[in-house]
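To start, the structure under review is shown below, and the notes come after it.
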Amino acid sequence: MRIVGLTGGIATGKSTVSNLFKANAFPVVDADVIARDVLKKGTGGWRKVVATFGEDILLGNGEVDRAKLGQIVFGDPSRRQLLNRLLAPYISYGIFWEVFKLWLKGFKIIILDIPLLFEAKMDRWTNPVIVVWIDPETQLKRLMTRDRTSAQDAQNRINAQMPLDMKRSKADIVIDNNGSLEDLNENFKKILDQVTKPLTWTEFWLSRQGAIVAFISILAGVIGCKKLLARL
């Protein structure tokens, strides 16, 4: 099984690339979706976050006001790190569970869409790692336009993440998304050959099909040994 790591920065177009993978029939495990689920009212993540940050972060229906929580943590690195530590075990478990379900279904290639792939050190479980990259000026402009926010607020959110150039240096594949949507589609097509190349033997043995082959081989070996011992 090949687990492809997909990451980038805020407003770089990572979600667009993720949707392109989905449109091409690749299963995608989205860490943002899992992160929203672990903050739902009544969950373990919800209880820890409310106990730490107080009930002022709640909406009238008891759900977490994500915008308000975001304002608190984006302006304070220590509180952002605290939030990440609180939710990391729940998010990691959710990701593992989603990957396991896809493994059971027999998928050989899975896309792991994680904004904090390097920060969470989950890149060690993925190969190749794809980084969606844009230059800092374009990133700032796109974020301001997308969220209708000030330059200072947008820059604070960008600064809260690992620098894109650092992520780029750690990538196996870089998708330059400074151009148009048509340019992005062309760049995406170019990387598909790298993503869909034949599985290595290690990747094959980690797939469900490989596990079945290994089990049958071991079973056949055990049966063969029993028959041989019976003749002695």
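Before moving on, here are some points about what is shown:
- Residue match in the stretch 79-90 (condition: farther than 15 Å from G45 by Cβ and at pLDDT below 90): yes
- Test: residue in the stretch 64-71 that is over 23 Å from P163 (Cβ atoms) and of a type in the set (V, I, T): yes
- A Cβ distance below 8 Å, combined with a sequence gap of six or more or placement on separate chains, defines the contacts here; from the stretch 143-161, residues that are touching a residue at least 24 places away in the same chain (Cβ under 8 Å) reach no residue that is loosely packed, with under 13 Cβ neighbours inside 10 Å and of a type in the set (V, I, T).
- If you filter the stretch 6-49 down to residues that are assigned to a helix (DSSP H, G or I) and of a type in the set (S, T, Y), you find that the one that is nearest to F96 (Cα to Cα) is S18.
- Flag for D165 being open to solvent by 40 Å² or more (accessible area, probe 1.4 Å), without any contact (Cβ under 8 Å) to a residue 60 or more places away in the chain and farther than 15 Å from G9 by Cα: no
- The sole residue among G44, G54, G5 that is of a type in the set (G, A, S) and more than 28 Å from N156 (Cα to Cα) is G44.
- Considered as a group, the residues in the stretch 22-35 that are crowded, with 16+ Cβ neighbours inside 10 Å and either of a type in the set (V, I, T) or over 13 Å from the mean Cα position of the chain (by Cα) (or both) include one that is farthest from N185 (Cα to Cα), and that residue is I34.
- Failed item, numbered, when I3 is tested on (1) open to solvent by 20 Å² or more (accessible area, probe 1.4 Å); (2) in contact with a helix residue (DSSP H, G or I) (Cβ under 9 Å, 6 or more places away or on another chain); (3) of a type outside the set (K, R); (4) part of a helix (DSSP H, G or I): (4)
Residue by residue, here is whether (1) of a type in the set (A, V, I, L, M); (2) under 22 Å from R124 (Cα atoms); (3) in a loop (DSSP other than H, G, I, E, B) holds:
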residue: R157; (1), (2), (3): no, no, no
residue: D165; (1), (2), (3): no, yes, no
residue: S169; (1), (2), (3): no, yes, no
residue: I175; (1), (2), (3): yes, yes, no
residue: E182; (1), (2), (3): no, no, no
residue: E186; (1), (2), (3): no, no, no
residue: I191; (1), (2), (3): yes, yes, no
residue: P198; (1), (2), (3): no, yes, yes
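- Flag: L83 matches the condition of being under 25 Å from D147 (Cα atoms), in contact with a helix residue (DSSP H, G or I) (Cβ under 6 Å, 6 or more places away or on another chain) and assigned to a helix (DSSP H, G or I).
- V38 vs. criteria among the hydrophobic types (A, V, I, L, M, F, W, C), open to solvent by less than 30 Å² (accessible area, probe 1.4 Å) and modelled with pLDDT under 95: yes
- Residue in the stretch 160-172 that is nearest to V73 (Cα to Cα), counting only those that are over 17 Å from the mean Cα position of the chain (by Cα) and either modelled with pLDDT under 90 or of a type in the set (D, E) (or both): A160
- Among the residues of the stretch 23-55, those identified as touching a residue at least 40 places away in the same chain (Cβ under 8 Å) and of a type in the set (D, E, K, R) are D30, D32, D37.
So that you can scan it fast, the table gives a plain yes or no per residue for (1) under 18 Å from the mean Cα position of the chain (by Cα); (2) surrounded by fewer than 16 Cβ atoms within 10 Å (Cβ to Cβ):
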{"site": "N84", "(1), (2)": "yes, yes"}
{"site": "E98", "(1), (2)": "yes, no"}
{"site": "K101", "(1), (2)": "yes, yes"}
{"site": "I111", "(1), (2)": "yes, no"}
{"site": "L117", "(1), (2)": "yes, no"}
{"site": "I130", "(1), (2)": "yes, no"}
{"site": "L140", "(1), (2)": "no, no"}
{"site": "L143", "(1), (2)": "no, no"}
{"site": "S150", "(1), (2)": "no, yes"}
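The values are calculated or read from the model by the stated rules, or taken from the named source; none is laboratory data. Fair warning: this is a prediction, and the values are worked out from it, not measured in the lab. Virtual Cβ from ideal backbone geometry, glycine too; neighbours counted across all protein chains shown. Note: areas computed on protein heavy atoms with side chains; ligands, DNA, RNA excluded. Shrake-Rupley method; radii C 1.70, N 1.55, O 1.52, S 1.80 Å.
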